[in-house]
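Read the structure below first, then the notes.
Derivation of every value follows stated rules applied to the coordinates shown; laboratory data play no part. Model, not experiment: these values are computed from the prediction. Quick reminder, even Gly has a Cβ in these numbers, built from the backbone with ideal geometry, and neighbours come from all protein chains shown.
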Amino acid sequence: MTTTERRRTRFSVAQRITAGVTLMTVAVLSLVGIVLYTVESAALERRITEELRQEIAEFRGLAESGIDPDTGEAFESVDRLLRLFLERNEPASAETLFGFTTEGTVLYQGGADPLLRETPQFVDRIEGMLAAGGSASETINGVEYRFAVLPLTAGGAQAGFVVVHNITAARSGLQALMGTYALSAIIATVLVTASSSFIAQRLLQPVTELRTAAQSISGGRLDRRLEASGNDDLAELVRAFNAMLDRLESAFETQRQFLDDAGHELRTPLTVLRGHLEVLDPTDVDDVEDTRVLLLDEIARMSRLVDDLLLLAKARRPDFLRLEDVEVGELLAEVGAKASALANRAWAVDPPPATVVLRADPQRLTQALLQLADNAVRHTVPGDAVRFGADLAEEAVELWVADTGPGVPAEQREAIFERFTRARQEDPSAGEDLGAGLGLAIVTAIARSHGGTVTVDASGPGATFRLHLPYRSRGET
């Protein structure tokens, strides 16, 4: 074993599962912590702003009343107004109320914060805002404050009411909360890691036994099955493994049958090409022209067969559909206009009974409906009616194509949707079926890719093919 191989197998599956669960837990808890911090921080900001606004509003209300509650008369001065309001109001936590009087004295109510009382930076900032008022933030000696200033004027003298909130102190509670959360998250991560390691080892024990048994099965032998006994987890795992082998064997058999059918269909046009080229007389201009037309027709048929096979091969790919909102009435109108160029038929479109919006691929639905229209053309004669329409069902819409041809025999109504199956012509006057037997298989693949089905009606003259598709009404989410 090389160094690279040893490095790749250093960690067991149980260890990798444990590591994955641990990383997932850390990621989830970290995300929850970020969300918690963001929400609580935003709530704190809103609370601080609301408290500042409330104090200013209460002071403004008292000032606008103009009546001193102690005397029942008008305030004798702005300074009296400031003193009375500070005496009668208790500020919130981490909040201080200041009154800058006309005499130059600074009054306060609340915690005696020395940074505010003794730092000229705060007084200078407030005095600079007394004329215009407003709100601002200031960091003083590493502590963040937010304050709101309401200017007051009396006899040309300037005063002001100031509400200050210590943001740093207010956030200390949030920091304590996040510290508690971080400790709880660490403990939870340790518990989840230990639990996941124990559970992973227990769950992977039957997988190890199954791997040992499966290694005895040859890679090319899909007919071998493992013996399952009992009703425990290992027995269920073995049964699931045997069921997987059944599906694989069926898939390989279907693939072989598909390749055999495709090879048979491609062999015929190639034989025609070779046969006509071998007997071609290069000196006969008419023979050359006739052969050229015939070979081009065979090449076109073979190209169509190859395109159909490729389409069916892509039908299970996730990028097969390009979904968008499709209005059924508009879709049918466009398909009807395009189908009118296929042949001389009495084409008609029946509008749906209500506005229906499909979440679908309009190009694929157009392809399916035109394929059904082409199928109707091959089984009708000039002048026969071919109609497009839609019916509403419970949480589904049915797009249908109806013709007045000979219809589909009862014994063929299921087989015609299989690959390389052609319906037998019951009406000798109808056009010859020139398809390779893939048209309805393509329609079925398109319907299934949309989560729907395709059926053919068993009653009534002619044939009516229906695409049953889930839908949502316009305006629904």
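Extension gain, residue 188-residue 15: 0.36 nm per intervening residue step, less the Cα-Cα distance, totals 60.4 nm.
Computed FRET efficiency, Cβ-Cβ of residue 105 and residue 26, R0 56 Å: what is it to the nearest 0.05? My answer for the efficiency is 0.50. Distance between the modelled labels on residue 201 and residue 300, one decimal in nanometres: 7.2 nm (7 Å Cα→Cβ projection). Among 55, 395, the ranking by other beta carbons within 10 Å of each residue's beta carbon, starting with the fewest, stands as 395, 55. Assuming a ≥ b ≥ c are the square roots of the Cα gyration tensor eigenvalues, decide whether the stretch 8-125 counts as rounded (a/c under 1.5), prolate (otherwise, with a/b larger than b/c) or oblate. Taking the square roots of the gyration eigenvalues as a ≥ b ≥ c, the stretch 8-125 is prolate.
Length available on full extension from residue 176 to residue 74: 0.36 nm per residue minus the Cα-Cα distance, which gives 32.0 nm. Pairwise Cα distances in the stretch 67-122 exceed 16 Å in 49 percent of cases. Per-residue extension of 0.36 nm, minus the Cα-Cα distance of residue 64 and residue 385, leaves a gain of 106.9 nm for this segment.
One quarter of the convex hull surface built on the alpha carbon atoms of the stretch 10-216 amounts to 17.7 nm², the projected area averaged over directions. Relative contact order for the stretch 47-183: 24 percent, from Cα pairs under 8 Å spaced at least 6 residues apart, divided by residue count. Between residue 125 and residue 34, the simple label model (points 7 Å from Cα in the Cβ direction) yields a spacing of 3.1 nm.
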